[in-house]
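Novice: Here it is, the structure, as structure tokens.
The values are calculated or read from the model by the stated rules, or taken from the named source; none is laboratory data. A quick note: this is a predicted structure, and the numbers were derived from the prediction, not measured. So basically every Cβ, Gly included, is an ideal-geometry build from the backbone, and we count neighbours across all protein chains shown.
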Amino acid sequence: MRIFVTGIGIISAIGNNATETTQSFIRAKSGICPIRYLSTSHKNLLVGEVKQTNEEMKRFLGISQSTPSIRTALMGMIAVEEAIRSAMLDKKTMSDSMSVLINGTTVGGMDKVEDFYTDFIENDTKNEYIHMQHCGTCSEMIADYHRCFKKVNTISTACSSAANAILSGAEMLRQAEADIVVAGGSECITRFHLNGFNSLMIIDESPCRPFDAMRQGLNLGEGAAFVILETEEHFNKRAVQSKPLAEFKGGANVCEAYHQTASSPNGNGAFKAMKVALKNANLQPSDIDYINAHGTGTQNNDLSEGIAIQRLWGNEIPYVSSTKSFTGHTTSAAGGVEAVISILALQNSIVPQNINFENPMPELNFLPVVEKTQNVKLTNVISNSFGFGGNDTSLIFSKV
Amino acid sequence: MKANIYINAIKQISAQNALCEEWFEKPIYYSENFVKSLDEDYRQYFSPNEVRRLGKMLKRALLTARKALESNENKSLDAIITGTGLGCLENTELFLDRMVRQGEQMLNPTQFMNSTHNTISSLIAIDTGCKGYNSTHTHNGVSFEHALFDAVMLLNKDNNTTAMVCGHDEMTPTYFNFLQKAGYLGQQGETFASETAVAMLLSRQQTDYSFCKIEAIDILYGQPSDIVNIYQPPTEIDAIMTGINGFDKNDNIYTDVCGKLFADTPILQYKNIFGENYTASALGIYVAAECIKLGVVPLHLLYNKKRPKSIRKILSYNHFGGKNHAFVLLSK
């Protein structure tokens, strides 16, 4: 059974939709800037923020300013809206079908909880935000805005959440538990996890440098991205005048079971995720043209992932780049953001550059893509998402 | 979704005595509105370092997982899937509270590390050495069923898989207070707020210790009136295990949906003795599984005084907020 990606929607630091995102790659324009929207004492840190206030997003969505909301849900609503439109679906068709929303998130509505925590304790004027902290409520807010979903689920495996949402959605299609799947993730930057990553001392105060020998850590990002998945049969039955955007060939979810936050130095988890994904997609390593790496810019991840790539591809390494130097690390949304970026790469025959790279890592035999790479023939792309706790997931998308 | 899967082991730590089925004969009743789980003496099971480093919920998660594996004939494990409504709440609160009160400096990275929802599944993976499928579902009050659904999809695909499905939630006084204000816990007439720690082992192979079979699982999103139309109810069920908790707004949905779908079927409850929390339904499914295994329903689980004639098939029906509806069909 073939699973097609028939729609995509994305909002991140490098654009409010897919077109703007592609333009940013073509112009090699990063979205990482000094903090502008988040209220924090760490004003020195660089982040990849979505360039809109909550008020602007509400206006775009037609939600009244007085309606309580959370940033993660607003971004999610925008990306889902774009995905539905790009699949040439309408709410009526979706309501009449078994339409499923699977959202990957971890911070949920923490942005409002950290603002109103004292109020919850002392004043009782912001209590409507209490239940919005929960990840599930965030997904329900996205679903309720669109009013066309009969099944809604939330997956939280840290930085691989959205990738696992896509994997789970594809499996629901294979087992005939869904007609139309909208899967991906959404996550805004909060003080909570900015400080969390900062306390772990894995934030680079300069623009992040994935796969650079001098890398000092990550820059946090935020965003939301979703794909529409349908079976070939369902898509054909809809008789849409265009081709599907890509095929979802397969993926794998494994656990490294090595350490609570760190990856093993020999990249066992990353190696296994990619290897099993290839097997599930029925592809050989040599079939892969581009690896959209997890590439956070931390010492630990890039070494571990780089070694894994080297082990699997030997001396025949395809294009590799991390797009986190454009978007920042969008944490739970990253699997969705980078799935959409991988599909945009396939569609536009471009390989996003690994910007900010200067110094090769002595441990690795390959360099990431450092120059503008357009008009390349891409057939199969693998996208990696590795989370805390060794929750490693790889997804493979292919040209149709 | 149809299934043909056996629950071969279940271990729990809850408001009832831990790691046993004493609640069946001698349940503990509570009059408080918030009850912490009856913990084991974890020094028996963990190193002093682990006892210190791991929060209560993580110790419960590791212990229930270990005990479930010990009690199973098959010691191998291929997948770990957890459902948790709030994740690692205590560590989240500790980190948040300190950040809000003392500002954004000198924060504790261990609390942050242990605050993410997936800490539970990943720690169980490290503890058991299980490097296979590992996931965490956090969809409010139907998180556990989503984890179970995920496991069923996995087992439907692969005949030889053993999957561990867990349900974990903890509660703190501060969050009890918050959730009471939000209209979820501690409402008029509602049973006590509690905590859940459940680990189950699932496989397509029946063993001498199997509790019951999972025949179907369906999780739907919508208003009760939509659910009554979309859901195709099974026939010939002996009882419905519901999340009735004494709060009218919650209970009316159960009686309404059950009345429309299963007019004369006896209704059972478990929250009167296990309390309410986001993954309480993991305990509901455990209770139903134990009743099927023993072929009896104790009197304290009867809700509408109707006693089931036989007890071969129980449908677990759990709703959350009247919007999420989960149905799990269990049979002998």
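Novice: Looking at this structure, is B:H117 facing chain A (nearest Cβ under 7 Å), closer than 22 Å to A:A252 by Cα and assigned to a helix (DSSP H, G or I)?
Specialist: Criteria not met by B:H117.
Novice: Considering only the stretch A:23-44, I want to know if a residue exists there that is touching a Leu at 6+ places or on another chain (Cβ under 9 Å) and farther than 23 Å from A:I202 by Cα.
Specialist: Yes; the residues of the stretch A:23-44 include at least one that is touching a Leu at 6+ places or on another chain (Cβ under 9 Å) and farther than 23 Å from A:I202 by Cα.
Novice: Can you tell me how many residues in the stretch B:71-112 are at positive phi and crowded, with 21+ Cβ neighbours inside 10 Å?
Specialist: Residues meeting the conditions: 1.
Novice: Given the options A:K112, A:K51, A:K58, name the one that is more than 14 Å from every other protein chain (Cβ to nearest Cβ) and part of a helix (DSSP H, G or I).
Specialist: A:K58
Novice: Also, I was wondering about something else. Within the stretch B:41-55, track down each residue that is in a loop (DSSP other than H, G, I, E, B) and touching a Lys or Arg at 6+ places or on another chain (Cβ under 8 Å).
Specialist: Answer for the stretch B:41-55, where residues must be in a loop (DSSP other than H, G, I, E, B) and touching a Lys or Arg at 6+ places or on another chain (Cβ under 8 Å): B:Y45, B:F46.
Novice: Can I ask one more? Can you tell me which residue in the stretch A:127-142 is surrounded by the fewest Cβ atoms within 10 Å (Cβ to Cβ), limited to those that are at the interface with chain B (Cβ under 7 Å from one of its Cβ atoms) and closer than 20 Å to B:T84 by Cβ?
Specialist: Out of the qualifying residues, it is A:H131.
Novice: As an exercise: evaluate B:A197 against (1) in contact with a Lys or Arg (Cβ under 7 Å, 6 or more places away or on another chain); (2) in the same structural domain as B:T119 (by TED's automatic domain parsing); (3) farther than 24 Å from B:Y30 by Cβ; (4) not hydroxyl-bearing (S, T, Y) and give the number of the one condition it does not meet.
Specialist: It fails just one condition, (3).
Novice: Still on this model: Give the residues of the stretch A:212-245 that are surrounded by 24 or more Cβ atoms within 10 Å (Cβ to Cβ) and under 21 Å from A:S398 (Cα atoms), sorted by residue number.
Specialist: A:A225, A:F226, A:V227, A:I228, A:L229, A:E230
Novice: Another one. Just name the residue that is farthest from the chain's Cα centre (by Cα) out of those in the stretch B:124-135 that are facing another protein chain (nearest Cβ under 7 Å) and either under 13 Å from B:A61 (Cα atoms) or modelled with pLDDT under 95 (or both).
Specialist: Filtering first and then ranking leaves B:I126.
Novice: Looking at the stretch B:293-327, which of its residues are modelled with pLDDT of 95 or more, under 21 Å from B:T235 (Cα atoms), assigned to a loop (DSSP other than H, G, I, E, B) and among the small types (G, A, S)?
Specialist: Hit for the stretch B:293-327 is B:G295, nothing else.
Novice: Those residues that are surrounded by fewer than 16 Cβ atoms within 10 Å (Cβ to Cβ) and assigned to a helix (DSSP H, G or I), I need them from the stretch B:230-255; list them, please.
Specialist: B:I230, B:D248, B:K249, B:N252, B:T255
Novice: How many of the residues making up the stretch A:94-126 are surrounded by fewer than 21 Cβ atoms within 10 Å (Cβ to Cβ), touching a Phe, Trp or Tyr at 6+ places or on another chain (Cβ under 9 Å) and among the hydroxyl-bearing types (S, T, Y)?
Specialist: 2
Novice: Okay, moving on. Could you list, in sequence order, all residues of the stretch B:192-207 that are in contact with a strand residue (DSSP E or B) (Cβ under 6 Å, 6 or more places away or on another chain) and among the polar types (S, T, N, Q)?
Specialist: Across the stretch B:192-207, the qualifying residues are B:T196, B:S203, B:Q206, B:T207.
Novice: Mind listing whichever residues of the stretch A:134-165 are part of a helix (DSSP H, G or I) and either within 19 Å of B:H319 (Cα to Cα) or at pLDDT below 95 (or both)?
Specialist: A:C135, A:G136, A:T137, A:C138, A:S139, A:E140, A:M141, A:A143, A:D144
Novice: Could you look through the stretch B:175-224, keep only residues that are part of a loop (DSSP other than H, G, I, E, B) and hydrophobic (A, V, I, L, M, F, W, C), and pick out the one that is surrounded by the fewest Cβ atoms within 10 Å (Cβ to Cβ)?
Specialist: B:A182
Novice: Now a separate question. Need at least 1 residues that are within 14 Å of another protein chain (Cβ to nearest Cβ) per element, so show me which strands (runs of 3 or more DSSP E) inside the stretch A:298-400 make the cut, counting only ones lying wholly within it.
Specialist: Filter on the stretch A:298-400 gives A:380-387, A:391-398.
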